[in-house]
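All of the numbers you see were taken from the coordinates with simple rules; none came from a lab. What you see is a predicted model; the values in this text were computed from it and never measured. Counting neighbours? That spans all protein chains shown, and the Cβs are built from the backbone with ideal geometry, glycine included.
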Amino acid sequence: MNIFNLLGYACWVGSAFLVLWLLVDFFKTNSQFEEDFLLSSREGHDEITDQEKSFAADRENKK
Amino acid sequence: MENEKEAEAKGKEDRISLLKVLGPAHVWALGVGIVLVGEYMGYNFSIGKGGALGSIIACWFIGLLYTCVAMIDSEVTSTVAAAGGQYSQAKHIIGPLMAFNVGLYLVFAYTMLEAADALVVGDLMVEAARDFGVANLDPKPFVVFTIALLAWLNYRGVFMTLTVNFIITAIAFIAIFVLFFAARGWAPDVSVHQAGLLTKLPYGWLGVIAAFQFAIWYYLGIEGTCQAAEEVRSVARSLPLGTMTGMMTLLIAATMTWYLTAGLVPWEYLGVSFIPQYDAARALGNPFVTMVMFIGTLFSAVASANGTINDAARAWFSMGRDRYLPKWFGAVHPRYRTPYRSILFLVPVAISFGFTGLLDQVITFSILSGLLGYTFMPINMFKFRRQWPLGSIRRGYVHPFHPFPAVTLFALCCVTYFATYLGYGAQLLAMMTFYIAASIWFHFFRYKYVRRGDQFQMNWPRPKGY
C-alpha cells in the first residue's frame, strides 16, 4: 500500500460523503418548500432594479 | 456567510431568483478558468498537424475567431440579463428551434469538457504516481472526486464557486510566467531554441488548416462568460469587461505557451504529448518548475471543470424554466440560490462520460458542439442589429466595425469545419445526425409544452417591424 493508493481510497470515501450530502439536502429542500415557489424564478428579474424602484417610490411618498 | 444569510432572507419572499453577487473578476475567472486547461494540454496536437509554425498561424487565426465571438457575445449579452447565455440570445432573437439547439450545444460542450477535465486530473495523478515509481494507479477515484467536489461547491453558491475559480485560475496563469522566467524566455537559445519555433510546414498549408481544429483548444470556452448574466451585479458593465479582459489574457497565455513549449521540446514529440507543459518543464530539468507546472496543470483542469459545471447547469436550468425541457429543472435552491436540480442531474452524466476514458472522442464532441454554437452567432448578430438597431435598446457595449466581425467569424467557422472533417469526419456526421434527431423530437414532441408568452419576461422593446 503506497500513498497514491491511499489517496485513491480517500477519494472514494470523500466522493461518497459529498454525494450523500448533496442527495440529503436535495430531498430535504424538495420536501420543505412548495414546488411553485422553487420554480418561481423569471429571466431578467432584477432585484437591484426592483429595490431602486421601491426606494424611488418611498422618496416620492415622503415628498 | 453574509451571502448565505441574504439568500435565506430572500428565499422567504414570494418569488425566488438566482443571486446577483458577481463582479467582472468573477466573469474573468469563469471564462479564463474554463479555457486555461487548453494552454496546458490539447493545443499541442495542432503542432502535430501543422508543425510549430503552422500551430502559431492557426493559434492567431483561431484567436481572431474567438475575438469576434467575444465582441459579439459582449454586445448581445450586455442587453440580456438572463442565465442561459447564447440559448437566451437565440430564444429572443431567432426562435425556439434555434434556441433549443443552441441550448443543447452548450450543455454538451460543457458537460463533455467537464468529463475531459476530470479525466485529465486522473491521468495527471497516474503520471505523478509513475514519476514516484508507482505503476498502474487507477485514475477513476480521482475522476469521481473531482466531479463530486466541484458539484458540491457549485451547489452551495455561485460566489464561492467563482471566487475559488479566480484564485486557482490566477495561479495556473502565473505558472506559465514561472516557466518563462525559469527558461529565461527573453534570452534566445539559452533554453528556448529559436530553430524549434520556425520549422518548415511538415504537411504544407493543408496541415496548417488541419491545425485549426486543435488550435480551438487555446480558447475553447471563453464564450461561457455569458452564462453569468443573471448573477452579475451589473450585466451591462461586468460581462463585456470580464469577457474582453479574459480574451486578452488568453491571447497572451496562448502565445507564451506556444513559444515556451515549442522552444523547449522538439515539435515531433510535443505534437503527441498528453501533458506538454509538464513535459516542457521536465525538459528544462528544474524540479521546482516541474512541480509548479504539475500544480498549474492540475489547477487549470479543476478550474475548467468548475466553470463548466456552472455553465452547463445554467443552460439546462434556463431550458427547464422555459419548458424546453421538463419545468422541474428550472428550480432554484431557496438557501444557496443555485439551479440545484440541474447541477445534480448533470453529475452522473459527466461521470459516465468520464468513465469511458475516451479523452479524444469526448473532447471532439465538445469542440464540435462549441463550433456549432459559434456558427449561430453571426446569424444572431445580423438579426439583432436589424431588429433592435443602435439606439433602440440600451447596450453596455457596442462592438465596432459591424458587419466585419460577424462575416469573419462565419468564414473562420467554415474553415474550421473543413479542418474537423479532415481529422474527425465520421464524428462530425454522427454529431450532426444527433442534433437533427433532437430537433425533430423537439418540434414534434416537446414544443407543445412551451408557453410562448411566458418565456419572454425581459423588458425589451418590440423588435423593429413588429
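Taking 0.36 nm per intervening residue step and subtracting the Cα-Cα distance, what contour gain separates residue A:35 from residue A:2 on full extension?
This chain segment gains 7.0 nm when fully extended.
Using alpha carbons only, what's the Rg to Rh ratio of the range B:241-305 with Rh from Kirkwood?
Reported Rg/Rh, Kirkwood definition of Rh: 1.02.
Over the Cα atoms of the protein assembly as shown, each weighted equally, I'd like the Debye log10 I(q)/I(0) at q = 0.07 Å⁻¹, rounded to two decimals.
-0.38
Inside 10 Å of the C-beta atoms of B:338-344, what's the mean count of C-beta atoms belonging to other chains?
Mean shielding count: 3.
Going by a ≥ b ≥ c, the root eigenvalues of the Cα gyration tensor, does the range B:305-413 fall in the rounded group (a/c under 1.5), the prolate group (a/b larger than b/c) or the oblate group?
oblate
In the structure displayed, which of B:327/B:448; B:20/B:464; B:20/B:91; B:327/B:383 lie more than 24 Å apart, Cα to Cα?
Flagged as over cut-off: B:20/B:464; B:327/B:383.
Going by average Cβ density within 10 Å per residue, which order do the peptides B:430-441, B:35-46, B:364-375, B:133-144 take, highest to lowest?
With the highest mean Cβ count within 10 Å placed first, the list reads B:35-46, B:364-375, B:133-144, B:430-441.
Between the range B:418-435 and the range B:366-395, how many Å separate their Cα centres?
Value for the Cα centre distance between the two parts: 24 Å.
Among rounded, prolate and oblate, which fits the range B:166-227 when a ≥ b ≥ c are the square roots of the eigenvalues of its C-alpha gyration tensor, a/c under 1.5 means rounded, and a/b larger than b/c means prolate?
Note, shape of the range B:166-227 comes out oblate.
Looking at chain B, do any whole DSSP H helices span at least 24 angstrom along their long axis by alpha carbon and average -1.0 or above on Kyte-Doolittle, and which?
Those that clear 24 Å and a mean of -1.0 are B:45-77, B:96-131, B:158-182, B:235-264, B:287-321, B:340-356, B:359-387, B:404-441.
Binned at 5 Å from 0, what are the whole-percent values of the Cα-Cα distance distribution for the range B:23-166, short to long?
Calculated over all Cα pairs of the range B:23-166, the distribution is 2, 8, 11, 16, 18, 17, 14, 9, 4, 2, 1, 0 percent.
In Å, the Kirkwood hydrodynamic radius of the range B:353-466 over pairs of distinct alpha carbons?
17.4 Å
Using Cα centres only, tell me the gap between the range B:450-466 and the range B:70-116 in whole Å.
The range B:450-466 and the range B:70-116 have Cα centres separated by 17 Å.
Above 40 Å lies some portion of the pair distances; for chain B, what is it as a whole percent of all C-alpha pairs?
Of all Cα-Cα distances in chain B, 16 percent exceed 40 Å.
Other chains near A:21-34: what is the mean number of their Cβ atoms within 10 Å of each residue's Cβ?
Neighbouring Cβ atoms belonging to other protein chains average 3 per residue here.
So what's the gap between the Cα centers of the range B:245-265 and the range B:133-202, to the nearest angstrom?
12 Å
Could you pull out the trypsin sites (Lys or Arg not before Pro) across the range B:148-224 that fall in loop regions by DSSP (anything but H, G, I, E, B) with no more than 13 other Cβ atoms inside 10 Å?
Answer in residue order: B:184, B:200.
Search the structure for amide H atoms under 5 Å from the amide H of residue B:232, placed 1.01 Å from N in the peptide plane, and list their residues when 5 or more places away or on another chain.
So residue B:232 has HN proximity to B:22.
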